[in-house]
Amino acid sequence: MSDPTTTQSQQHYKRVMLKISGESLMGKLPYGIDPEMVGTVAQQVKDVVATGIEVCLVIGGGNIFRGVSGAAAGMERATGDYMGMLATVMNALAMQNALEQLDVPVRVQSALTISAVCEPYIRRRATRHLEKGRVVIFAAGTGNPFFTTDTAAALRASEMNCEALLKGTRVDGVYSADPEKDKTAKRYDQLSYMQVLTEDLRVMDAAAVSLARENAIPILVFSIETPGEFQRVVKHQGRFTVVC
């Protein structure tokens, strides 16, 4: 695996995992899916695929339903999490449609069997899709309650032998606090997996960070809302924080 601190001229990933939150698809809407924002993200994915990099994608479901919020309101946690998994399938289908409109070949694979709208998750089939230049969107998380889509992204990245896990967020890296609420928050250029865990920096949940650490997959955190940033970050340009 390439050293994540190498220069752009030396850096070239063959296969990457992009993880974005469901909230990233809301755009300026209070909830739901903003077609314009979905199209913007799809264009960024297309630009990276055009460079010859194989792309996997995991999208959260928080723009539609979040299991933890349902549990807080009195719903059984497992039921809330399954509802959240179905929300991620909806987001995956929206992204599939946007990519196909850009002539990008794409397949959705779900950890829950929903054969009418997408394939079941089969590791070898997913690998074959990637080898043929198709984007693969992994939906329904891990298929189990009590696990987040962050963990699903780290798990699928490990199974697919991805060389990096890129987390697209609303901010341009990892901060010591929420920069939208705390103007004194410190921004990090590079962190170790253990720093993230011990300082509880909430880059991703602990299970996801531990999985990435065990499989030596660097996590690159960047702003998906910045046009063209995904392509710049896979070349180690632009602004991002690397966890390695």
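The values are calculated or read from the model by the stated rules, or taken from the named source; none is laboratory data. Just so we're clear, the structure is a prediction, and the values are computed from it rather than from any experiment. Backbone-built Cβ (ideal geometry, glycine too); neighbour counts: all protein chains shown.
Can you spot a residue in the stretch 24-36 that is over 25 Å from Ala208 (Cα atoms) and either part of a helix (DSSP H, G or I) or under 16 Å from the mean Cα position of the chain (by Cα) (or both)?
Initial filter on the stretch 24-36 (over 25 Å from Ala208 (Cα atoms)): 27-36.
In the following step, the residues that additionally are either part of a helix (DSSP H, G or I) or under 16 Å from the mean Cα position of the chain (by Cα) (or both) were identified as 35-36.
The answer is yes, given that some residue of the stretch 24-36 is over 25 Å from Ala208 (Cα atoms) and either part of a helix (DSSP H, G or I) or under 16 Å from the mean Cα position of the chain (by Cα) (or both).
Keeping to the stretch 162-190, report how many residues are surrounded by 14 or more Cβ atoms within 10 Å (Cβ to Cβ), among the polar types (S, T, N, Q) and over 10 Å from Lys19 (Cβ atoms).
Here the count works out to 1.
Among the candidates Ala208, Ala140, which residue alone is closer than 21 Å to Val38 by Cα, modelled with pLDDT of 95 or more and not basic (Lys, Arg)?
Details: Ala208 fails: closer than 21 Å to Val38 by Cα.
Residue meeting the stated conditions: Ala140.
What pairs come up if the first residue lies in the stretch 133-145 and is among the aromatic types (Phe, Trp, Tyr), the second is buried (at least 24 other Cβ atoms within 10 Å of the Cβ), and their beta carbons are under 6 Å apart, counting only those six or more places apart or on different chains?
Every condition considered, the pairs that remain are Phe138/Val58; Phe138/Arg156.
Please find, among Val196, Val221, Val174, Val203, the residue that is within 21 Å of Thr148 (Cα to Cα), at pLDDT below 90 and aliphatic (A, V, I, L, M).
Details: Val196 fails: at pLDDT below 90; Val221 fails: at pLDDT below 90; Val174 fails: at pLDDT below 90.
The match here is Val203.
Does the stretch 88-103 include one or more residues that are in contact with a Lys or Arg (Cβ under 8 Å, 6 or more places away or on another chain), β-branched (Val, Ile, Thr) and modelled with pLDDT of 95 or more?
No, there is no match, as no residue in the stretch 88-103 is in contact with a Lys or Arg (Cβ under 8 Å, 6 or more places away or on another chain), β-branched (Val, Ile, Thr) and modelled with pLDDT of 95 or more.
Quick check on my filter: what residues within the stretch 67-78 are in contact (Cβ under 8 Å) with a residue 12 or more places away in the chain and either acidic (Asp, Glu) or surrounded by fewer than 20 Cβ atoms within 10 Å (Cβ to Cβ) (or both)?
We begin by selecting, within the stretch 67-78, every residue in contact (Cβ under 8 Å) with a residue 12 or more places away in the chain; these are 67-68, 70, 77-78.
Of everything in the stretch 67-78, those that are in contact (Cβ under 8 Å) with a residue 12 or more places away in the chain and either acidic (Asp, Glu) or surrounded by fewer than 20 Cβ atoms within 10 Å (Cβ to Cβ) (or both) turn out to be Val68, Gly70, Arg77, Ala78.
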